[in-house]
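Peer 1: Questions regarding the structure given below will be posed in turn.
The values are calculated or read from the model by the stated rules, or taken from the named source; none is laboratory data. A quick note: this is a predicted structure, and the numbers were derived from the prediction, not measured. Quick reminder, even Gly has a Cβ in these numbers, built from the backbone with ideal geometry, and neighbours come from all protein chains shown. Ligands, DNA and RNA are excluded from the accessible area calculation, which covers all protein heavy atoms including side chains. Shrake-Rupley method; radii C 1.70, N 1.55, O 1.52, S 1.80 Å.
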Amino acid sequence: MKRPTTDPHVNERKIGRRAFVFGAAQLGILGVLGYRMRELQIKQADQYRLLADENRINIRLIPPARGRIFDRNGLTLADNEPNYRITIVRDNAGDVEEVLHRLSRIVTLTPEQISEALETVQTSSPFVPVTILDRLTWDDIAEVSANAPALPGITADLGLSRYYPVGNDFAHVVGYVGRVTSYHLSRIDDNDPVLRIPDFQIGLTGVEVKEEKPLRGKAGTRRIEVNARGRMMRELDRVEAIKGDDIQLTVDTGLQNFVQARLAGEAASAIVMDVETGDLLAVGSAPTFDPNLFVRGISTSDYNALLNDKYRPFRSKAIQDIYPPGSTFKMITALAAFEDGQVDLNETVRCVGHKEVADVRFHCWKRAGHGNVNLHKSLKESCDVYYYDLALRVGIDKIAEMARKFGIGVRHDIPMSAVARGLAPDKAWKREVREEDWRIGDTVNASIGQGYVLSSPLHLAVMTARLASGRAVEPRLVKSRNGVEVPIAGNAPIDVNPNTLEAIRKSMYAVCNTRGGTAYASRTTVQDFRMAGKTGTSQVRRITAAERARGVTRNEDLPWERRDHALWVNYAPYDNPKYAVAVIVEHGGGGSKAAAPIGRDITLRALYGRTPPLEAYPSRAQASARATLRRMEPLLRDFDTQAALDADKT
Amino acid sequence: MSYLEYTVRQTPTGARKLLYFNWPLIVLIVAVGCVGFLMLYSVAGGSWTPWAIAQMQRFALGMTLMFIVALTPIWFWRNTAGVAYLASLILLVVVEIIGDVGGGSQRWIDLGFMRLQPSEMAKITVVMLLAAYYDWLPPEKVSRPFWIIVPLVFILLPVLLVLRQPDLGTSLLIIMGGGIMLWFAGVHWAYFAGVIATGCATIYAVFATRGTPRQILSDYQMDRIDTFLDPSADPLGDGYHITQSKIALGSGGWTGRGYMQGTQSQLNFLPEKHTDFIFTTLAEEFGFVGAISLLALYGLIIAFCVVSAMRMRDRFASLVTLGIAATFFLYFAVNMGMVMGLLPVVGVPLPLVSYGGSAMLVLLVAFGVVQSAHIHRAR
């Protein structure tokens, strides 16, 4: 190779200079790198530490156990039961379809369930467990666990689900829960994070929805470390969920069961209320349904069958439905007239079977008329003309005022869905709502609880309780929350003359206990358990003059939906009032025939605290009472045994 | 200098050569290697497999090769520079034909016990060839256009082959390494000014042709450039790597989160955490102190090489030493700049630390050449 001719020292110097420049450049770049490190690792360290934690830490919610619901004696009405379910995590499953197919060989899984699960799995995050099946038996779970290696991504776990041990009896009162859906979320203004837990149950009707807040409890949190793929690595810490408050209702499970059994077969409702405290001991509505169906997911055909039933099982008729109160309203008309001083307690009115008002003839139910009628006779025999007369003298506004004083046309605050307000109409109301002037005929109709007057059994029960106690008793459904007693509201004496009230009570006693009283047939024979009551029959159709001329068609001959509503209110015992009862049988016919016996049976059940003995019935009624009780027998449950079992468990 | 000037009198022979090794440099190299083992153990979640053990075996192999190369006289390496260059060119052609495809490009030849990446070899053989070329070329001709065309061809041949794989990062490293050799050799600075100006124009052209049928870079390369320019625009897609990498670095703070406690790497938020992004794990777990220490180790390696080169009288020896030091510098500077978000993600490993056989073996052999030059210099 050729020798270089240049002086090596010159060459060295040149390389040296260039290397020096290069070295300087390197130092500069090293400086930039070091500066950048300082920038990232020291100046912005906190910010990046935060981002790193955000990366790795996920917060998972722990669903709280829902508060339980008890009756006044501590029997369980709504409980949480363990729910074995199977979930799938897409990321772990790999081929979801294949895994589901294999699963279907172990547990029953319909093709619809498979396709539904597939759809849910595809639309949710790959790491979120999706419930495929729930309410499995322990055997199923064991089988699935044994086959775990063949079922990647499938986990059998234990959740809690709502369960209603008494089923049908409290479907309307307690209501039911269901899985929270985006529809619910959009309707309720609630940003509780617990609602975002998949399959979380919230109250949908009844006490379950009205007492949702205390029942729900507070979600716990689990901070977990996840890797870049979102898989959980370990739990960092956890805050346990706070269980929802237990709620005790004022209802009595045994009595409610009796009421539901007694009403079964009719479209009817009944309320039993404590006249002193306002406690609702039973809020019955028939027909009813099993709320557990809704928790588990009701089939469309079952749902439609319930929805299209003409007896409307979904309605809680005792509080949601309003009817003309009919003759049960007469006490209000009388009170208004006497309180106003227009009418003397002993005054008599002549009933000739009808009364002409403004050229219109208003009829009494008894064509022949009652002759001379005073308060006592008018209530006992339910004369209409007497009240036409009273109402015309006192005027509708006074009557409406009295009605509201006794709880009609007022929305009572109880935690059930869609509690009806009812209506105690007056002139101002008609002008405002109907945009018509009040007519004199409206007053005549209202005086006997027809026309615009509307009330639910709850209103009637409140009215009766107030008549019995003379105090402004308010209905109460929740006895205590989490052991804290709910105070008994409004027990102030009602501002009416006690003598007037006493006269009305006496007349109501006569209704049940004097020969000729409309409910004499439904009396009780036990001296301590005498009732004071009032029948009512409210028309749902207009009786034309022509029909009246040829004779009013009997209810039995009319189609069901055109028959009269049968009503009944009472309190008992007469001399020491404890319970107020209101019964409405939709299209049941006359109140004395269809509603009063039910009221009597319920009253006796409440007073005895057990299925009433036949001695309590007049001898002529014993045969039919026996038949009725026998018919009810399959529906009655022995809650004493049940209570003993529950006590053993705890 | 001629062969004759390397007399027995001037250079050590036989076992005495061991005394003349650049031992501090070897200590530094082993130290950096050990940092690599520690980090690979950590990113495997506290396990010697799959990476740390394999890396140690290769390191041992590499060190052995380094000693063999070091004990071989430097003039042998000057004379074989051309052969080595040709060999790496052939291997690049071979990889083009039968290479394994990985990560979207065709870069490896499977040798059974390891996968050889000829482009890594080319980085060093280009440096050696250029050092030999300028040793041969009389200095007065260095800046003449014809004598500049020749080394440019030497550089561009492997670059074109590497670009076809495609591997933009390695291509750029070869170009820069070669360019720095020209600089050391004393090519007139005006050429460099011209190249830099051309480079700027090229960058402009790259962006100007984007989306047209004459687009210069492939889409994935354009995307990487976009990601580099604004990683936050697509934090879960292309920007993911760099965003997570910066989070890992930043969350390290002063002293780091503790060995094997880095959440970003231990929980797999970091991409390529055992190869190109291993520096982020180090910075996350040992913090600023750890990162600066590694930077210092690298700086010392460069410094020892440069000091050694300054004391050599042989043109080939000093040029090859400087060139290897520069290549080494480019490796870690580009890698660190990349993970810190200063440079686009181009796929350059952290030298002697990243998991990967070819780069490590090639670098250790190159340091063998540096040692050989050190041992066999005229005294």
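Peer 1: Give the average, rounded to an integer, of partner chain Cβ atoms located within 10 angstrom of each Cβ in B:264-272. Kindly include the intermediate steps, with their values, before the conclusion.
Peer 2: Working: counts 6, 0, 4, 10, 6, 8, 1, 1, 0.
The mean count of partner-chain Cβ atoms within 10 Å per residue comes to 4.
Peer 1: Which value at 222 nm does chain A reach when only helices count, each DSSP H run of 4 or more adding -39,500 (n - 2.57), with the total divided by all residues and rounded to the nearest 500 deg cm²/dmol?
Peer 2: Working: 24 runs with 241 residues, N = 650.
Counting only the DSSP helices, I get -11000 deg cm²/dmol.
Peer 1: Related question: Peptides B:45-55, A:535-545, B:248-258: what's the order by average Cβ count within 10 Å, highest mean first?
Peer 2: Numbers: B:45-55: 15.4, A:535-545: 17.2, B:248-258: 23.0.
Per-residue Cβ counts within 10 Å, averaged per peptide and sorted highest first, yield B:248-258, A:535-545, B:45-55.
Peer 1: Looking only at B:Ala326, B:Ala31, B:Ala70, which one moves most when chain B is put into a Gaussian network model with springs between Cα atoms under 10 Å?
Peer 2: Taking springs between Cα atoms under 10 Å, the residue moving most is B:Ala31.
Peer 1: For B:Lys141, go through the lysines and keep the ones whose alpha-carbon is under 16 Å away, minus same-chain ones fewer than eight residues off.
Peer 2: A:Lys2, A:Lys14
Peer 1: Next question, about the same structure. At a probe size of 1.4 Å, how large is the accessible area of A:Lys43, to the nearest 10 Å²?
Peer 2: Only protein atoms counted, so the area is about 120 Å².
Peer 1: Whole number in Å², please: accessible area per residue of the protein assembly as shown, 1.4 Å probe, ligands, DNA and RNA not counted. Could you put the intermediate results ahead of the total?
Peer 2: On the way: 44900 Å² over 1029 residues.
Normalised by residue count, the accessible surface of the protein assembly as shown is 44 Å².
Peer 1: Please compute the contact order of chain A in relative form: average sequence separation of alpha-carbon pairs under 8 Å and at least six residues apart, divided by the residue count, as a percent.
Peer 2: Values: 1297 pairs, mean separation 84.3, N = 650.
In percent, rounded to a whole number, it is 13.
Peer 1: Averaged over its residues, how many other protein chain Cβ atoms are within 10 Å of peptide A:19-32's Cβ atoms? Show your work: numbers first, answer last.
Peer 2: Working: counts 12, 2, 3, 9, 8, 0, 4, 10, 3, 0, 7, 9, 0, 5.
Mean shielding count: 5.
Peer 1: Still on this model: Classify segment A:129-200 as rounded, prolate or oblate, taking a ≥ b ≥ c as the square roots of the eigenvalues of its Cα gyration tensor: rounded when a/c is under 1.5, otherwise prolate if a/b is larger than b/c and oblate if not.
Peer 2: Oblate.
Peer 1: Could I ask something else about it? Any idea what the relative contact order of chain B is, in percent, if you count C-alpha pairs under 8 Å spaced at least 6 apart?
Peer 2: Working: 545 pairs, mean separation 108.2, N = 379.
It rounds to 29 percent for chain B.
Peer 1: I need the trypsin sites (Lys or Arg not before Pro) found in segment A:58-121, filtered to DSSP loop residues with at most 16 other beta carbons within 10 Å of theirs. Could you put the intermediate results ahead of the total?
Peer 2: Values: sites: A:Arg60, A:Arg66, A:Arg68, A:Arg72, A:Arg85, A:Arg90, A:Arg102, A:Arg105; in loops: A:Arg66, A:Arg68, A:Arg72, A:Arg105.
Here the sparse-neighbourhood loop sites are A:Arg105.
Peer 1: Over segment A:253-609, what is the relative contact order in whole percent, taking alpha-carbon pairs under 8 Å and six or more residues apart?
Peer 2: On the way: 787 pairs, mean separation 74.6, N = 357.
Relative CO of segment A:253-609 lands at 21 percent.
Peer 1: Is segment B:3-375 best put as rounded, prolate or oblate by its Cα gyration tensor, with a ≥ b ≥ c the root eigenvalues, rounded for a/c under 1.5, and otherwise prolate when a/b is larger than b/c, oblate when not?
Peer 2: Values: a/c = 1.77, a/b = 1.20, b/c = 1.47.
Here segment B:3-375 falls in the oblate category.
Peer 1: Now a separate question. Can you name the helices of chain A, as whole DSSP H runs, whose Cα span along the helix axis is 27 Å or more and whose Kyte-Doolittle mean is not below -1.0? Mind dumping the intermediate values first?
Peer 2: On the way: long enough: A:8-38 (44 Å, 0.03).
Qualifying helices, which must be both long enough and hydrophobic enough, are A:8-38.
Peer 1: I need the helices of chain B that pass two filters: whole DSSP H segments spanning 24 Å or more by Cα along the axis, and mean Kyte-Doolittle score no lower than -0.5.
Peer 2: Those that clear 24 Å and a mean of -0.5 are B:23-43, B:52-71, B:74-98, B:118-136, B:145-163, B:168-185, B:189-208, B:278-310, B:315-339, B:357-375.
Peer 1: Additional query: Using Cα positions and a limit of under 21 Å, work out the lysines in reach of A:Lys43, with same-chain residues fewer than 8 apart set aside.
Peer 2: The reachable lysines, counting only those whose Cα sits under 21 Å from A:Lys43, are B:Lys246.
Peer 1: How much accessible surface does B:Met39 have with a 1.4 Å probe, in Å² rounded to 10?
Peer 2: My reading of the accessible area for B:Met39 is about 0 Å².
Peer 1: Would you please name the trypsin sites (Lys or Arg not before Pro) within segment A:483-539 that are DSSP coil residues with at most 11 other C-beta atoms within 10 Å of their C-beta? Spell out each step's value before the answer.
Peer 2: Working: sites: A:Arg505, A:Lys506, A:Arg515, A:Arg523, A:Arg530, A:Lys534; in loops: A:Arg515, A:Arg523, A:Arg530.
Here the trypsin sites (Lys or Arg not before Pro) that fit, given the DSSP loop and packing criteria, are A:Arg515.
Peer 1: Still on this structure: How long are the semi-axes of the ellipsoid equivalent to segment A:59-249, from square roots of 5 times the Cα gyration tensor eigenvalues, in whole Å, largest first? Each step should come with its number before you reach the end.
Peer 2: Details: eigenvalues 191, 86, 49 Å².
Ellipsoid half-lengths, sorted descending, are 31, 21, 16 Å.
Peer 1: Same structure again: Please report, for the Cα atoms of segment A:253-609, the Rg to one decimal and the Dmax as a whole number; what are they, in angstrom?
Peer 2: 19.8, 63
Peer 1: Here is a further query. Please return the longest range in chain A lying between exposed loop sites, taking GluC sites (Glu not before Pro), DSSP loop only, at most 13 other beta-carbon atoms within 10 Å, and leaving the sites out.
Peer 2: On the way: sites that count: A:Glu240, A:Glu435, A:Glu436.
It runs A:1-239.
Peer 1: Would you work out which of B:Ile375, B:Ile247, A:Pro152 lies farthest towards the positive end of the dipole of the protein assembly as shown? Charges go on Cβ: Lys and Arg +1, Asp and Glu -1.
Peer 2: In the protein assembly as shown, that residue is B:Ile375.
Peer 1: May I pose another question? When the Cα centres of segment B:141-172 and segment A:500-541 are compared, how far apart do they sit, in Å?
Peer 2: Computed from Cα coordinates, the inter-centre distance equals 116 Å.
Peer 1: For the protein assembly as shown, with only Lys/Arg (+1) and Asp/Glu (-1) charged at the beta-carbon, what is the dipole magnitude about the Cα centre, in debye rounded to 20?
Peer 2: On the way: 111 positive and 100 negative charges, 313 e Å.
Dipole about the Cα centre, nearest 20: 1500 debye.
Peer 1: Given a 1.4 Å probe and heavy atoms of the protein chains only, how would you sort A:Met233, B:Met360, largest accessible area at the top?
Peer 2: A:Met233, B:Met360
Peer 1: Report, as an integer, the average count of C-beta atoms from other chains found within 10 Å of each Cβ along B:127-139. Walk me through the intermediate numbers first.
Peer 2: Numbers: counts 0, 0, 0, 0, 0, 1, 0, 2, 3, 3, 2, 5, 8.
The shielding value for this peptide is 2.
Peer 1: As a quick test, which of the pairs A:Lys506/A:Lys534; A:Lys380/A:Lys506; A:Lys210/A:Lys310; A:Lys366/A:Lys427; A:Lys317/A:Lys506 have an alpha carbon distance above 18 angstrom in this structure?
Peer 2: Numbers: A:Lys506/A:Lys534 11 Å; A:Lys380/A:Lys506 10 Å; A:Lys210/A:Lys310 27 Å; A:Lys366/A:Lys427 30 Å; A:Lys317/A:Lys506 30 Å.
Table pairs above 18 Å Cα-Cα are A:Lys210/A:Lys310; A:Lys366/A:Lys427; A:Lys317/A:Lys506.
Peer 1: For A:Tyr509, A:Tyr323, write out the residues from largest to smallest accessible area, computed with a 1.4 angstrom probe and no ligands counted. Mind dumping the intermediate values first?
Peer 2: On the way: A:Tyr509 60, A:Tyr323 10 Å².
Ranking A:Tyr509, A:Tyr323 by accessible area, largest first, yields A:Tyr509, A:Tyr323.
Peer 1: How large is the translational diffusion coefficient of the protein assembly as shown in µm² per second when you combine the Kirkwood radius over alpha carbon pairs with Stokes-Einstein at 10 °C and 1.306 mPa s? Each step should come with its number before you reach the end.
Peer 2: Numbers: Rh = 37.1 Å.
Once the numbers are plugged in, D ends up at 43 µm²/s.
Peer 1: Ignoring ligands, DNA and RNA, how much accessible area is buried between chains A and B, both sides summed, with a 1.4 Å probe, to the nearest 100 Å²? Please report the intermediate quantities before stating the final value.
Peer 2: Details: alone 32190 and 16890 Å², together 44900 Å².
Summing both sides, the interface buries roughly 4200 Å².
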